[in-house]
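Visitor: This structure is in structure tokens; I'll ask about it shortly.
The values are calculated or read from the model by the stated rules, or taken from the named source; none is laboratory data. In this text, all values refer to a predicted model and were calculated from it rather than measured experimentally. Please note: Cβ atoms are built from the backbone with ideal geometry, for glycine as well, and neighbour counts cover all protein chains shown. For the accessible areas, the whole protein counts, side chains as well, though only heavy atoms, and no ligand, DNA or RNA atoms are used. Shrake-Rupley method; radii C 1.70, N 1.55, O 1.52, S 1.80 Å.
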Amino acid sequence: GALGNSGVTGSTGAGTVVNGDVGSSPPPSISNFPPSSVTPPFVVHLANDATVQQAHTDALAAYNFLAAQGPGTVLAAQLNGAVLTSGVYSFAGGAADLAALGTLTLNGPGIFVFQVDSALTANVGSNVIGTADPCNIYWRVGTSATLNGVNFRGNVIADASITVGSGS
């Protein structure tokens, strides 16, 4: 799903479907749900309830754990066309971008950790694909994540906000 530290914004128009719970803590700032939605049995937590508070605590612990993994292999900010295997990755300049209609391929078993010190942007029509288990892919984002792609794999833990675009 999506958990924001200061907000989660779904897309307008036809909306976006999130396969997981959606929440924001400490401020319960959720917008554009509906028209965006979650796949049952998941729910949108419009209040800063106990579930969202615990998720926030757990996300903070995960964020700090991921940050302690070190920078790993430094990649160029533009991910289009990259094919990666498990490991820890960071980005020159701190931001990560996947071009419009671009593809990032993550293959193989193991854990993928992406250290994005500032913003993560998956542009319109982009795809994060491959054989890697989405449950083993972690994106630690220092500020905000904007996910406008068709397919995006992994768990995004952003310090500020996550915006999910139309058609994502």
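Visitor: Hey, any idea what Rg/Rh is for region 89-168, computing Rh the Kirkwood way over Cα pairs?
Guide: For region 89-168, the value is 0.93.
Visitor: For a quick protection proxy, order the peptides 53-60, 151-158 by their average other-Cβ count within 10 Å, most packed first.
Guide: So the peptides 53-60, 151-158, ranked by packing, come out 151-158, 53-60.
Visitor: Once every DSSP H run of n ≥ 4 in the chain is given -39500 (n - 2.57) and the sum is divided by its residues, what mean residue ellipticity at 222 nm do you get, rounded to the nearest 500 deg cm²/dmol?
Guide: -3500 deg cm²/dmol
Visitor: Tell me which residues come under 5 Å, amide H to amide H, from ALA82 once H is placed; ignore anything under 5 positions away on its chain.
Guide: HN-HN under 5 Å from ALA82: THR105.
Visitor: Specify the residue with the greatest mean-square fluctuation among GLY15, GLY72, GLY23, computed from a Gaussian network of the chain linking alpha-carbon atoms under 10 Å apart.
Guide: GLY72
Visitor: I'd like the accessible area for VAL164, computed on protein heavy atoms only with a 1.4 Å probe and all protein chains in place. Round to 10 Å², please.
Guide: Here the residue's solvent-accessible area equals roughly 20 Å².
Visitor: Around LEU104, under 15 Å between beta carbons, what's the net of Lys plus Arg minus Asp minus Glu among the other residues?
Guide: In short, 0.
Visitor: Taking the Cα centre of the chain as origin, work out the dipole magnitude from +1 charges on Lys and Arg Cβ and -1 charges on Asp and Glu Cβ, in debye rounded to 20.
Guide: 200
Visitor: Take each of the peptides 30-42, 95-107, average the number of other beta-carbon atoms within 10 Å over its residues, and list them starting from the highest.
Guide: Order by mean packing, descending: 95-107, 30-42.
Visitor: For TYR63, TYR138, give me the order by solvent-accessible area with a 1.4 Å probe, most accessible first, ignoring ligands, DNA and RNA.
Guide: Highest to lowest solvent-accessible surface, that is TYR138, TYR63.
Visitor: Between 0 and 90 degrees, rounded to the nearest ten: what's the tilt of helix 50-67 against the longest Cα principal axis of the chain?
Guide: 10
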